[in-house]
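Engineer: Mind having a look at this structure? Questions to follow.
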Amino acid sequence: MLDTKKSQLLIEILQTDLLKWFEESKRDLPFRRTRNPYFIWISEIMAQQTQIDTLIPYYNRFIDNFPTVFSLALASIDEVIKAWEGLGYYSRARNLHQAARIIVTDYDGMMPATFSELIKLPGIGPYTGGAIASIAFNQKVSAVDGNVLRVISRYCNSCDDIGEATTKKRITRWIESILPDEVGAFNEGLMELGAMICTPKSPKCLSCPIRSGCQSNAAGTTGLIPIKTKKQKQRIKKMEVGIVKINGQLFFVRRPDTGLLSGMWSFPIAETAAGDGQDIKKKLEENFSELCKPIFIGTSRHVFSHIIWDMSVFIFDQDNRVCESTLNPYYISAQRESRSNPQVTFKALSQVDDLALPIAFSKLLALLT
DNA sequence: GAAGCGTGGTC
DNA sequence: TGACCAAGCTT
């Protein structure tokens with residue numbers, strides 16, 4: 001880390017030239033056209049582990065649907081999750097909804113204006129709290145994300161592993177010691193620089209506004225810094241998916257409200273060793289008293305952040321059954337359960353869009369046509 | 001500290 | 001293609 005006294009010139013470059021560059025070059029983003037803390041909050045939650053270009057349409061739709069913290073607090077969790085469909089990390093939506101209700105009940109609908117109050121809310125951690133406090137309320141706190149860790153590591157030519165908490169704390173402290181009055185723009189500028197110029201691969205050093213002070217550029221180490229321990233790769237899980245079709249409708253189950261894809265709808269799915277359809281058939285027999293033979297219709301791989309599902313997909317087409325029957329007892333029992341139990345439902349293909357369905361399953365719909 | 005938690009883009 | 005990565009938080 002740079003010594004604060006010796007490196008006064010380098011610090012001034014970082015402050016002055018970065019702010020100047022940001023003012024001239026910043027992207028025109030919808031959430032940069034407002035100081036509304038609620039809008040800033042929504043954008044920062046969406047930005048967690050998500051590239052800005054990806055979240056923009058979600059952001060516009062979300063504030064259209066939920067223009068105030070009150071409208072978000074009054075909405076149902078299903079509506080909020082549906083608005084989040086496709087963005088991933090769905091606990092963000094649940095926390096957002098919870099936090100909105102807390103803000104309405106405990107804060108009279110006013111966003112807390114300080115870092116220490118903000119990070120009490122679910123889904124708001126050190127980065128997001130710092131971002132909202134500095135950008136929306138001009139509080140002198142840092143907002144250290146992956147971009148900032150990379151930019152500062154390179155600027156100081158630091159060999160510290162940015163995956164380690166101590167490194168993040170050290171960089172946070174250092175930034176807080178050099179924050180200018182325009183703290184929101186400074187924090188955003190560091191991130192913008194990391195996103196547009198000081199990128200992980202092939203950084204555009206020739207266009208960098210603070211190149212003259214960059215120790216990594218001087219040492220020729222921009223390709224080596226930051227140091228980051230690589231994460232272990234995903235385990236592969238072999239899964240069977242069962243698509244039950246009755247009277248032209250498809251059977252869906254709701255996932256638990258914790259864990260992977262929490263609160264989202266899904267086709268019934270089961271871990272399997274054989275992959276011949278028998279494991280998912282057994283599971284489906286909890287809902288259906290009589291089930292036709294599984295017909296294999298294809299495979300699909302879905303990559304999550306920590307696991308991979310290798311899915312074998314089977315259709316149980318009760319409308320074109322191999323076995324003969326005069327009644328549809330399974331339909332009746334399942335339909336009754338779907339009215340009394342919110343964990344399951346039936347939807348025609350044209351109505352599937354009513355449900356919040358993760359990509360892992362929505363992409364399976366292509367196998368049906 | 002480490003693991004769980006989505007999806008899309010890039011090279 | 002696979003490996004890496006993205007404006008992180010929670011447990």
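Engineer: Could you tell me whether A:Lys237 is surrounded by fewer than 17 Cβ atoms within 10 Å (Cβ to Cβ) and over 30 Å from A:Asp78 (Cβ atoms)?
Structural biologist: It is false that A:Lys237 is surrounded by fewer than 17 Cβ atoms within 10 Å (Cβ to Cβ) and over 30 Å from A:Asp78 (Cβ atoms).
Okay, residues lined up against (1) at pLDDT below 95; (2) in a loop (DSSP other than H, G, I, E, B); (3) out of contact with any helix residue (DSSP H, G or I) (no Cβ under 6 Å at 6 or more places or on another chain); (4) not aliphatic (A, V, I, L, M):
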| residue | (1), (2), (3), (4) |
| --- | --- |
| A:Glu176 | no, no, yes, yes |
| A:Pro180 | no, yes, no, yes |
| A:Met191 | no, no, no, no |
| A:Cys198 | no, yes, no, yes |
| A:Pro203 | no, yes, yes, yes |
| A:Lys230 | yes, yes, yes, yes |
| A:Val241 | no, no, yes, no |
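Engineer: In segment A:200-234, what residues are out of contact with any Leu (no Cβ under 9 Å at 6 or more places or on another chain) and open to solvent by less than 20 Å² (accessible area, probe 1.4 Å)?
Structural biologist: Across segment A:200-234, the qualifying residue is only A:Ile225.
Engineer: When you scan segment A:284-300, how many residues do you find that are surrounded by fewer than 17 Cβ atoms within 10 Å (Cβ to Cβ) and either assigned to a loop (DSSP other than H, G, I, E, B) or modelled with pLDDT under 90 (or both)?
Structural biologist: 5
Engineer: Being open to solvent by 10 Å² or more (accessible area, probe 1.4 Å), in contact (Cβ under 8 Å) with a residue 60 or more places away in the chain, of a type outside the set (A, V, I, L, M, F, W, C) and more than 10 Å from DNA strand C (Cβ to nearest atom) is true for just one of A:Asp78, A:Asp64. Which residue is that?
Structural biologist: A:Asp78
Engineer: So A:Ile11 fits all but one of (1) within 23 Å of A:Ala143 (Cα to Cα); (2) surrounded by 15 or more Cβ atoms within 10 Å (Cβ to Cβ); (3) without any contact (Cβ under 8 Å) to a residue 24 or more places away in the chain; what number is the exception?
Structural biologist: Only one criterion is unmet by A:Ile11, namely (3).
Engineer: Which of the residues spanning segment A:93-121 are within 10 Å of DNA strand C (Cβ to nearest atom) and buried (at least 20 other Cβ atoms within 10 Å of the Cβ)?
Structural biologist: A:Ala99, A:Leu118, A:Leu121
The values are calculated or read from the model by the stated rules, or taken from the named source; none is laboratory data. Please read all numbers here as calculations on a predicted model, not as lab measurements. Cβ coordinates were reconstructed from backbone atoms using ideal geometry, including for glycine residues, and neighbour counts include every protein chain displayed. Only protein heavy atoms, including side chains, enter the accessible area calculation; ligands, DNA and RNA are left aside. Shrake-Rupley method; radii C 1.70, N 1.55, O 1.52, S 1.80 Å.
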